[in-house]
1. What's the total number of residues in the range 80-109 that are crowded, with 17+ Cβ neighbours inside 10 Å and part of a helix (DSSP H, G or I)?
2. Given the condition buried (at least 16 other Cβ atoms within 10 Å of the Cβ) and closer than 20 Å to residue 83 by Cα, answer yes or no: does some residue in the range 433-442 qualify?
3. Within the range 466-496, count every residue that is more than 22 Å from residue 273 (Cα to Cα) and either of a type in the set (Asp, Glu) or open to solvent by 20 Å² or more (accessible area, probe 1.4 Å) (or both).
4. Count, please, the residues in the range 198-214 that happen to be touching a residue at least 12 places away in the same chain (Cβ under 8 Å) and open to solvent by 50 Å² or more (accessible area, probe 1.4 Å).
5. Would you mind finding the one in 295, 318, 276 that is touching a His at 6+ places or on another chain (Cβ under 6 Å), of a type in the set (Val, Ile, Thr) and either modelled with pLDDT of 90 or more or surrounded by 15 or more Cβ atoms within 10 Å (Cβ to Cβ) (or both)?
6. Answer yes or no: is there a residue in the range 377-389 that is modelled with pLDDT of 90 or more, more than 18 Å from residue 61 (Cβ to Cβ) and assigned to a strand (DSSP E or B).
Amino acid sequence: MTEPSTYDIFIIGGGINGCGIARDAVGRGYSVCLAEMNDLASGTSSGSTKLIHGGLRYLEHYEFRLVRESLMEREVLWKMAPHIIWPMRFVLPYAKGLRPAWLIRLGLFLYDHIGGRKLLPATKTLDMRNDPAGKPLKPLFSKAFEYSDGWVNDARLVVLNARDAADRGADIRTRTKVVSARREGEHWLINLEDQRTGETQEVRARLIVNAGGPWVDAVLAGAVGRNDVHNVRLVQGSHIVIRKKFDDPRAYFFQNKDGRIIFAIPYEEDFTLIGTTDRDFDGDPHDVKISEAETDYLCNAASEYFAAPVRREDIVWTYSAVRPLYDDGASMAQEATRDYVLKSDTSDGAPLVNVFGGKITTYRRLAQSMLEKIEVHLGKRGAEWTAGAPLPGGDFFATGFDAQVRKLMAAYPFLDGPHARRLTRLYGTLASKLLGSAISPGDLGRNFGADLYEVEVRYLMAHEWAVTAEDVLWRRTKRGLHMNEAQRQALDDFMRSASTSKNAAAE
């Protein structure tokens, strides 16, 4: 009988925390295996508001350390991945009867000065009667504050961390469920099941990282066999996407009368993203979807500000996700901490470290904190390294995106501007690897619609673990927003056929 493969670290969960930890750990010299039961970023990590931000409203809850750490990460992450992360200006209209102007100014002063801001522009006050940002809004909003934060393509941030981890030697397994994990002396014996074939396999590891996100307690109760665990508070956040509501490149930060806030953000060229909600969730995270009440809430909240109301019939897509917030006993979902907590368990031998909570902005810092815990158990290997190392495709200047688009168009003159820009936004310098030796559109293969060609689909299947049309359309590219049902079905048929042919050739 073949002896199971042995790794230093086995990571459960292919969201941003799991993939970020895998990248950091393998880069320091640990052997790493990561298992994700579905697709990478198929849960919380593709359902965020897609912001790299300090969390202005967290200041109200005195979470100064979290805000400072988040603010410091904005420019670090931008420099690491300038293709999928970029600065965005936010307009916060002043609304009488809500937070006073002096409190907003104080918060924005702290925002500008406690996070080591260097490249991002500072806050300024706007006269909405003269500024273009006032045009889509009701005339009663005559004053606003404009500040900086960042935008991120969240699902791509996850897959690029996984890609870099794999390039450095990590074993990344998607559609692979951890059925059981038991301690055997100084090791874990982990039973895995391939969700596509049903095949099972055992591997060994010196340490397990449980980064299961909303399923972190389920992993403890199921695979690890711990009963009566309750570490996270599941909070649902839902978003609506409507046809473009305004032409301005800036986003809006809207305060609501209930004390909550929502954003209205330019999205995928032709749309506006509005969200998020905050409500406790007690179902299966696999089944999360926007509720009627959430839909009404987002439409009504946005309509308080926009001159033309947001109606249900304007909605072209919705998405929802469950945030696994560390349960700190907060009375309301929106007050629960967004900070992360890492807890080690060595009570019965081989160590287990659980990840509770966290936010996408601080994933890299969370990974560094996890490595400090891993070093205690496994010994120190390499030093911290991720801050200065670009993610795949991000090896160009933070402010050099437009130059990179021009460079791609010069190398491939047949590309039109929007197509070249989209490819650069998704793949950065790796766009040329995807396009290869193509000299005309005919060399790109079948066009599935919305400039999604066969060459890109095959690249995603070969290099980014894409298996289904959903993986490609709604996580890797968001082209699903621009395609009709027949086009989406044609892609699904193609990928099923390509996967079957690949599996047959491998047998």
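The values are calculated or read from the model by the stated rules, or taken from the named source; none is laboratory data. Everything quoted here is computed from the prediction, not taken from an experiment. Here the Cβ positions follow ideal geometry from the backbone for every residue, glycine too, while neighbour counts run over all protein chains shown. With ligands, DNA and RNA removed, areas are computed over all heavy atoms of the protein, side chains included. Shrake-Rupley method; radii C 1.70, N 1.55, O 1.52, S 1.80 Å.
1. Counting residues in the range 80-109 that are crowded, with 17+ Cβ neighbours inside 10 Å and part of a helix (DSSP H, G or I) gives 4.
2. Yes, the range 433-442 contains at least one residue that is buried (at least 16 other Cβ atoms within 10 Å of the Cβ) and closer than 20 Å to residue 83 by Cα.
3. 10
4. 4
5. 276
6. Taking every residue of the range 377-389 in turn, none turns out to be modelled with pLDDT of 90 or more, more than 18 Å from residue 61 (Cβ to Cβ) and assigned to a strand (DSSP E or B).
For (1) of a type outside the set (Val, Ile, Thr); (2) at pLDDT 85 or above; (3) more than 30 Å from residue 403 (Cβ to Cβ); (4) within 24 Å of the chain's Cα centre (by Cα), each residue gets a yes or a no:
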| site | (1), (2), (3), (4) |
| --- | --- |
| 51 | yes, yes, no, yes |
| 55 | yes, no, yes, yes |
| 58 | yes, no, yes, yes |
| 107 | yes, yes, yes, no |
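Listed here are the residues, each with its yes/no results for (1) surrounded by 24 or more Cβ atoms within 10 Å (Cβ to Cβ); (2) within 17 Å of the chain's Cα centre (by Cα); (3) not in a helix (DSSP H, G or I).
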{"residue": "8", "(1), (2), (3)": "no, no, yes"}
{"residue": "14", "(1), (2), (3)": "yes, yes, yes"}
{"residue": "22", "(1), (2), (3)": "yes, yes, no"}
{"residue": "76", "(1), (2), (3)": "no, yes, no"}
